[in-house]
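The values are calculated or read from the model by the stated rules, or taken from the named source; none is laboratory data. In this text, all values refer to a predicted model and were calculated from it rather than measured experimentally. Here Cβ is always computed from backbone atoms with ideal geometry, including for glycine, and neighbour counts include all displayed protein chains.
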Amino acid sequence: MKTTLRTPVKTDYDAIATWISDEKACSRWAGLSLPFPFIAENLPELLAVEGCTNYCLSDIDNNCVGFGQFWPGKQSAVHIGRIIIAPEARGNGAGRLLCEKLITKARQSTGASTVTLRVYRDNHAARSLYSSLGFFIIESESTDDVLFMSAAANHDA
Ligand SMILES: CC(C)(COP(=O)(O)OP(=O)(O)OC[C@H]1O[C@@H](n2cnc3c(N)ncnc32)[C@H](O)[C@@H]1OP(=O)(O)O)[C@@H](O)C(=O)NCCC(=O)NCCS
């Protein structure tokens, strides 16, 4: 699959908004800070985290098929979040490509030695993806619902 990371534009946020079908999908993707329903044009503001950089994964026709962010994490780590692939594009390796490319960008932009993320314990697809990319669970930073995971940034992702 030929894909690139690029800065999202308004029409990308419009597309991303159509991928979120209900409150559960919304919180799984973006956490409880993103209300559902939301207005697509407000997404950049609603998803803003201090110091964050947003990217969409673009296919060969320049369509947005995925989205993710990174921002400064704890103890000089870089934190990735809001990872999502268009429902019709899932199961074909796009999520792995998105994470690999986002981690590379995050490492290059920040020089961080560690990458962290949070994922719901019952989000098996995402957990499996993150484990296969070298992320491991830090229980002391996790809650009953949400796992905190960490990986060496120079992992060969
Ligand atoms: C999680 C998500 C990004 C995965 O994207 P994807 O394009 O389907 O993933 P890929 O096809 O690249 O698969 C990568 C790995 O993810 C795991 N995976 C993907 N779909 C899975 C499923 N239905 N069940 C279990 N594992 C799955 C597998 O480990 C897979 O590796 P493999 O192909 O070697 O078995 C996608 O399901 C998604 O957008 N989910 C909704 C938003 C979300 O939950 N984001 C996570 C926020 S923390």
Failed condition for Leu32, given (1) at pLDDT below 95; (2) over 20 Å from Val119 (Cβ atoms), with all others met? (2)
Need pairs with beta-carbon distance below 8 Å; first residue polar (S, T, N, Q) and at pLDDT below 95 and within the stretch 119-135, second surrounded by 14 or more Cβ atoms within 10 Å (Cβ to Cβ) and part of a strand (DSSP E or B); sequence gap 6+ or separate chains. none
Given the condition surrounded by fewer than 17 Cβ atoms within 10 Å (Cβ to Cβ), closer than 28 Å to Ile138 by Cα and in contact with a strand residue (DSSP E or B) (Cβ under 7 Å, 6 or more places away or on another chain), answer yes or no: does some residue in the stretch 11-26 qualify? no
Return the residues of the stretch 1-33 that are in a helix (DSSP H, G or I), away from the ligand (no atom under 12 Å from the Cβ) and more than 11 Å from Phe67 (Cβ to Cβ); say none if nothing qualifies. Lys10, Thr11, Asp14, Thr18, Glu23
Pairs where the first residue, in the stretch 62-84, is of a type in the set (Phe, Trp, Tyr) and the second is not in a strand (DSSP E or B), C-beta under 6 Å, 6+ apart: Phe67/Ile16; Phe70/Ala106; Trp71/Val49; Trp71/Gly51; Trp71/Cys52
Looking at (1) surrounded by fewer than 17 Cβ atoms within 10 Å (Cβ to Cβ); (2) touching a residue at least 40 places away in the same chain (Cβ under 8 Å), can you tell me which one Thr116 breaks? (1)
Which numbered condition in (1) touching a Leu at 6+ places or on another chain (Cβ under 9 Å); (2) not acidic (Asp, Glu); (3) not in a strand (DSSP E or B) is the only one that Phe36 fails? (1)
